[in-house]
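> Right, I'll just put the structure down here and ask away after.
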Amino acid sequence: MNIQLRLEQPQDYRIVEELTREAFWGMNHPDCNEHLLAHKLRSVSAFVPELDYVAVISDIIVGNVMFSKGRIVDAQGREYIVLNFGPLSVLPEYQNRGVGKALMTYTISEAKRLGYRAILFFGHPDYYTRFGFKRAKEFSITTSGGVNFDAFMAMPLYDGALDGIAGRYYEDPVFEIGEDEKVEFDKGFPYKEKCVLVSAEVLFTKLISTACAALKKHEIAFLCDLRRYSEQEVSSWNGIDKISLEIIKATMMENGFVWGEQTHS
Ligand SMILES: CC(C)(COP(=O)(O)OP(=O)(O)OC[C@H]1O[C@@H](n2cnc3c(N)ncnc32)[C@H](O)[C@@H]1OP(=O)(O)O)[C@@H](O)C(=O)NCCC(=O)NCCS
């Protein structure tokens, strides 16, 4: 399949917001706010237009990725500008055909060419390792709240780019999206039924009690809540054995989620 990548143009804005809405709808919430994020990002100073790419197949825009600037602040108050990315969106009917990979691979190489130090972001921990991302804690970097989890990832863009830098990471405030502004913005799009999130109960009926307790301890109320964690991270939770992990993976897949390390026969 011929995937072409090019910079987003003003005439693409609405199409990109529509595809972002389609890609994220019901993924983490019954609706989504990522289309508003895409809309707002373009007008903040942290936005990096040189890395705002669309993917095109047969003249149809099927994917988009956006980058913005974030900061690592160390204990002495020194600031280091890094990149953050997202949203990364691929139209559902074009997913799993290499579009996400093409967008990521190309924009990472462009970010290197443009001389950026590193990329930090929050995303599916089992997907992005394939592009070279690692857990941010390997670099002594925490979230702005001072914590770490697998979904918080980092990648230096040149040798030693994050060496000797320890601190907290702050993304641009544009990422904080209010409920009211989301609802208002979404009124400008065709009506779309909210999704019913699949309750974690579907897992609790299949798992042993220690595994259920582990999921509850980590506040897994809906299956989508598991997307914040990597397979490795979940397997380290007290009470999760190998069989539980397989059940979790299979249940996620049955419910339309790609989750965990993907193996091929
Ligand atoms: C995540 C997303 C961008 C991936 O794009 P894509 O074009 O479908 O992905 P690609 O075709 O490049 O890669 C597909 C591979 O990634 C794997 N993959 C996709 N999502 C994954 C996830 N959440 N966790 C682990 N692996 C994942 C697929 O299993 C497939 O594996 P394979 O190559 O070993 O067969 C796309 O599915 C999407 O837009 N999802 C909804 C929005 C979203 O979640 N965006 C990312 C926010 S962090």
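The values are calculated or read from the model by the stated rules, or taken from the named source; none is laboratory data. None of these values were measured; they are calculated from a predicted model. Every residue, glycine among them, receives a Cβ derived from its backbone with ideal geometry; neighbour counts consider all protein chains shown.
> Give the range 219-246 a look and list any residue that's within 30 Å of Leu36 (Cα to Cα) and exposed (fewer than 14 other Cβ atoms within 10 Å of the Cβ), or say none.
The answer is Glu219, Ala221.
> Taking the range 186-203 as the search range and keeping residues that are small (Gly, Ala, Ser) and farther than 13 Å from His35 by Cα, which one is surrounded by the fewest Cβ atoms within 10 Å (Cβ to Cβ)?
Once the filter is applied, the top-ranked residue is Ser199.
> Identify all residues within the range 124-141 that are crowded, with 17+ Cβ neighbours inside 10 Å and either within 17 Å of the chain's Cα centre (by Cα) or of a type in the set (Ser, Thr, Tyr) (or both); write none if there are none. Spell out the reasoning first.
Going residue by residue through the range 124-141, those that are crowded, with 17+ Cβ neighbours inside 10 Å are 124-129, 133, 135-136, 139, 141.
Result: His124, Pro125, Asp126, Tyr127, Tyr128, Thr129, Phe133, Arg135, Ala136.
> What is the residue count in the range 72-121 for residues that are surrounded by fewer than 18 Cβ atoms within 10 Å (Cβ to Cβ) and within 7 Å of the ligand (Cβ to nearest atom)?
Of the residues in the range 72-121, 5 are surrounded by fewer than 18 Cβ atoms within 10 Å (Cβ to Cβ) and within 7 Å of the ligand (Cβ to nearest atom).
> Do we have any residue at all in the range 203-214 that's within 17 Å of Asp150 (Cβ to Cβ), without any contact (Cβ under 8 Å) to a residue 12 or more places away in the chain and not assigned by TED's automatic domain parsing to the domain that holds Met27? It would help to see each step written out before you state the result.
Initial filter on the range 203-214 (within 17 Å of Asp150 (Cβ to Cβ)): 214.
If we keep only those that are without any contact (Cβ under 8 Å) to a residue 12 or more places away in the chain as well, we get none.
The answer is no, given that none of the residues of the range 203-214 is within 17 Å of Asp150 (Cβ to Cβ), without any contact (Cβ under 8 Å) to a residue 12 or more places away in the chain and not assigned by TED's automatic domain parsing to the domain that holds Met27.
> Do you know which residues across the range 49-60 are without any contact (Cβ under 8 Å) to a residue 60 or more places away in the chain and buried (at least 19 other Cβ atoms within 10 Å of the Cβ)?
Asp52, Tyr53, Val54, Ala55
> With the requirement that a residue be touching a residue at least 40 places away in the same chain (Cβ under 8 Å) and among the aromatic types (Phe, Trp, Tyr), what does the range 71-94 give you?
Scanning the range 71-94 gives a single hit, Tyr80.
> Considering only the range 50-71, state which residues are within 11 Å of the ligand (Cβ to nearest atom), within 17 Å of Tyr116 (Cα to Cα) and among the small types (Gly, Ala, Ser).
none
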